[in-house]
Amino acid sequence: MGKDTEGYQFFLDCQVRIPQVAEAEAQEILAKCERRCPVAKIVGSSQNVRVHLVKQFAF
């Protein structure tokens with residue numbers, strides 16, 4: 001969350017891990033999910049949202 005001129009903005013960094021699947025296939029799965037998920041459709045156009053594949057979670 002960050003302060004801006006109107007109040008606050010939320011920033012989302014969504015890390016997706018799909019173990020035991022080749023990276024190319026995992027990218028295809030993620031792309032399909034983003035096209036079908038209602039929440040992804042709502043927030044997907046925001047510059048404050050990043051969804052990406054990772055091999056290890058970085059929390």
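Before moving on, here are some points about what is shown:
- Condition broken by Ala26, with the remaining ones in (1) surrounded by 10 or more Cβ atoms within 10 Å (Cβ to Cβ); (2) without any contact (Cβ under 8 Å) to a residue 24 or more places away in the chain satisfied: (2)
- From the list Lys3, Lys41, the one residue that fits, being part of a strand (DSSP E or B), modelled with pLDDT under 90, open to solvent by 60 Å² or more (accessible area, probe 1.4 Å) and not polar (S, T, N, Q), is Lys3.
- Tabulated pairs, segment 7-19, first over 13 Å from Gly44 (Cα atoms) and assigned to a strand (DSSP E or B), second open to solvent by 50 Å² or more (accessible area, probe 1.4 Å) and aromatic (Phe, Trp, Tyr), C-beta under 9 angstrom, 6+ apart or interchain: Gln15/Phe57; Gln15/Phe59
- For Ala58, the requirement of being at pLDDT below 95, among the small types (Gly, Ala, Ser), in contact with a helix residue (DSSP H, G or I) (Cβ under 6 Å, 6 or more places away or on another chain) and open to solvent by less than 90 Å² (accessible area, probe 1.4 Å) is not met.
- Qualifying positions in segment 6-23 - open to solvent by less than 60 Å² (accessible area, probe 1.4 Å) and modelled with pLDDT under 90: Gly7
The values are calculated or read from the model by the stated rules, or taken from the named source; none is laboratory data. Model, not experiment: these values are computed from the prediction. Positions of Cβ are generated from backbone atoms using ideal geometry, with glycine treated the same way; all protein chains shown enter the neighbour counts. Note: accessible area is taken over every heavy atom of the protein model, side chains too, but ligands, DNA and RNA are not part of it. Shrake-Rupley method; radii C 1.70, N 1.55, O 1.52, S 1.80 Å.
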